[in-house]
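Engineer: Submitted below is the structure of interest, expressed as structure tokens.
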Amino acid sequence: MPGRRLDQRLVVPVMFVATFFLVVMDGSITTVALPSIARSFGVSAAGSDSVVVVYPVCVGISIPVSGWLGDRFGAKPVLLTAMGLFTAASALCGTAGSLGQLVVCRGLQGLAGGLLTPVAGAMLFRTFTPAERVRASRIMTLPQQIAPSIAPMLGGTLVDGLSWRWVFYVNLPFGVAALLFGLLFLDNPRHGEPGRFDIPGLLLSGAAMSLLMYGVCEGARQGWSSPVITGSLAAGAALVAATVLVELRTAAPILRLRLFRDALFRDTKVVVLLGFVPFMGAMYAAPLFIQEAQGGSAFESGSSTFTEAVGVLLTVQLVARVYDRVGPRRIMAAGLFCVAVVLAVMTTVDAGTGPWAFRIYMFLLGLGMGAVFMPVTVASVSTIPKEDMGQASTLNSVISQFSMALAPALVATLLIADTPAGAHTAPPSAYRTVYLVLAVMALVAALFTLTIHDPGKSRAPRTPQGPRAPGRRAPAARRKEHWSGP
């Protein structure tokens, strides 16, 4: 059935929210079920960790090809195929009879997830004009903030009340509903030809991403000096260098690294890499502190960190109203300075810190990061042509995935370093060190943000159409199309 019955300005945001909510919630909820999975299959907690690690490794394999597939076949078939694979893999995870089967099915989920998020992001920004992207970006904060906040509570409830298998079964109604909605109503516009398929670029970039993701995700647990981790990181870094050399010399690369020549696009990626780690690190450390240092439950830790989403949603509404007047640079810097201050205050946490203190801390962190999420997303694509939006979204996903992997790796490394030999849990002093390091990172990110230039108006070259009559102005529509910012 043709996807013409509903306005795509409604259909695309619905698909975007459904896609991101499903992927983000799945990544957050699975961690809660690991102890139960380990008991079910008779393995150690460390042995079941492969269920989590295989996902980002497989995401790293499929992300690089997402932009080419979307440009070649259109966003609709790629998105719906990936959604179908993700949903089917979720069902297979729930029915897995061994740990090995579960790991393979999680790998399939990762391959699908690596296609879902960049294709959905490109689809959203292609649907709205630069002037409308500020309003559209409010949509992006919904799944990104609500899903991680409710996942621990939902996961704990499902594991305790039913079994670990339901943390995968819960994806099925969301996935099936999104798949049917997209089949019925989603259009499939095309945006130019992507060129020949770049096999060398795919092999190099996919291998580089998967090795780096594995090394970062497993470094804290296995030890950064272990041969497997150092070898993985070294090989990944070498493949990254090879990828850059090959892709810059390829006419139609699988990763359009030339987009990094755009200063605003490049600088916003640095902000994502530096600025998201402190926030995501704090979101990772707080539940650990409540559950391990204070002996709270998964539900208690989830209810204590849920206020972060409220803070983000409040700030995004304000930022959307002042973005055009203030510009993204000052808004992002103010948000990161706020995050740095809150994290500095959190260095005072101890075993007696109450749940309401954490709720306030998380709410203030959300207020700060709400001033970063939307502006950095909108500004990063404000100077990118529409035909390059798929490739820009792919590169966005690469950087975002890497920063999200760095955050827990950094926190875990700091906690292990400050945990006395023989102790099973890190003392409160270790968490204070974590928050101090994260505060310094947020401050550095804020200072870097102040060096970024806001998107502005660009002069279009004159065309040889002859002189205009004196006092005659260009049509408003033609003047407006040269505005490169939102």
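The values are calculated or read from the model by the stated rules, or taken from the named source; none is laboratory data. Given the structure is predicted, the values throughout are model-derived calculations rather than measurements. With ideal geometry, Cβ positions are generated from the backbone for all residues, glycine too; neighbour counts draw on all protein chains shown. Surface areas here come from the heavy atoms of the whole protein model, side chains and all, with no ligands, DNA or RNA. Shrake-Rupley method; radii C 1.70, N 1.55, O 1.52, S 1.80 Å.
Engineer: So, in region 429-466, how many residues would count as being touching a helix residue (DSSP H, G or I) at 6+ places or on another chain (Cβ under 7 Å) and at pLDDT below 80?
Structural biologist: 2
Engineer: Could you look through region 42-53, keep only residues that are over 22 Å from the mean Cα position of the chain (by Cα) and part of a helix (DSSP H, G or I), and pick out the one that is modelled with the lowest pLDDT?
Structural biologist: Looking at the filtered set, the residue picked out is G47.
Engineer: Right, something else. All but one of (1) modelled with pLDDT under 85; (2) part of a loop (DSSP other than H, G, I, E, B) hold for M404, so report the exception by its number.
Structural biologist: Status for M404: all satisfied but (2).
Engineer: So, in region 215-232, of the ones that are open to solvent by 40 Å² or more (accessible area, probe 1.4 Å) and under 18 Å from V411 (Cβ atoms), which residue ends up nearest to the chain's Cα centre (by Cα)?
Structural biologist: Restricting to residues being open to solvent by 40 Å² or more (accessible area, probe 1.4 Å) and under 18 Å from V411 (Cβ atoms), the top hit is C217.
Engineer: Pick out the one residue from M362, M346, M332 that is farther than 30 Å from A120 by Cα and modelled with pLDDT of 85 or more.
Structural biologist: M346
Engineer: Looking at (1) modelled with pLDDT under 75; (2) open to solvent by 30 Å² or more (accessible area, probe 1.4 Å); (3) out of contact with any Pro (no Cβ under 9 Å at 6 or more places or on another chain), can you tell me which one I139 breaks?
Structural biologist: Here I139 meets the rest and fails (3).
Engineer: If you don't mind, another one. Residues of region 349-358 being closer than 17 Å to P278 by Cα and either open to solvent by 40 Å² or more (accessible area, probe 1.4 Å) or touching a Ser or Thr at 6+ places or on another chain (Cβ under 7 Å) (or both), which ones?
Structural biologist: The answer is F358, and nothing else.
Engineer: Further, regarding this structure: Evaluate region 260-274: report whether one residue or more is without any contact (Cβ under 8 Å) to a residue 12 or more places away in the chain and not in a helix (DSSP H, G or I).
Structural biologist: The answer is no; no qualifying residue exists.
Engineer: Can you tell me which residues in region 433-456 are under 17 Å from A286 (Cα atoms) and open to solvent by 80 Å² or more (accessible area, probe 1.4 Å)?
Structural biologist: Passing the criteria: only L436.
Engineer: Another question about this same structure. Could you check L204 against (1) open to solvent by less than 60 Å² (accessible area, probe 1.4 Å); (2) farther than 16 Å from S66 by Cα; (3) modelled with pLDDT of 85 or more and say which number it fails?
Structural biologist: Every listed condition holds for L204 apart from (2).
Engineer: If you don't mind, another one. Out of region 319-340, which residues are touching a residue at least 12 places away in the same chain (Cβ under 8 Å) and surrounded by fewer than 16 Cβ atoms within 10 Å (Cβ to Cβ)?
Structural biologist: The one that is touching a residue at least 12 places away in the same chain (Cβ under 8 Å) and surrounded by fewer than 16 Cβ atoms within 10 Å (Cβ to Cβ): D324.
Per-residue answers, yes or no, for (1) open to solvent by less than 30 Å² (accessible area, probe 1.4 Å); (2) part of a loop (DSSP other than H, G, I, E, B); (3) modelled with pLDDT under 85:
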position	(1), (2), (3)
S40	no, no, yes
Y55	yes, no, yes
I63	yes, no, yes
L80	yes, no, no
G84	yes, no, no
S90	yes, no, no
C93	yes, no, no
C105	yes, no, no
L108	no, no, no
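Engineer: A further question follows. Within region 404-431, take every residue that is in contact with an Asp or Glu (Cβ under 8 Å, 6 or more places away or on another chain) and open to solvent by 40 Å² or more (accessible area, probe 1.4 Å) and give me the one that is nearest to G60 (Cα to Cα).
Structural biologist: Only one residue fits best here, namely T425.
Engineer: Further, regarding this structure: Among the candidates Y361, Y284, single out the residue that is closer than 24 Å to V444 by Cα, open to solvent by 10 Å² or more (accessible area, probe 1.4 Å), of a type outside the set (A, V, I, L, M) and touching a Pro at 6+ places or on another chain (Cβ under 7 Å).
Structural biologist: None of the others qualify; the one that does is Y284.
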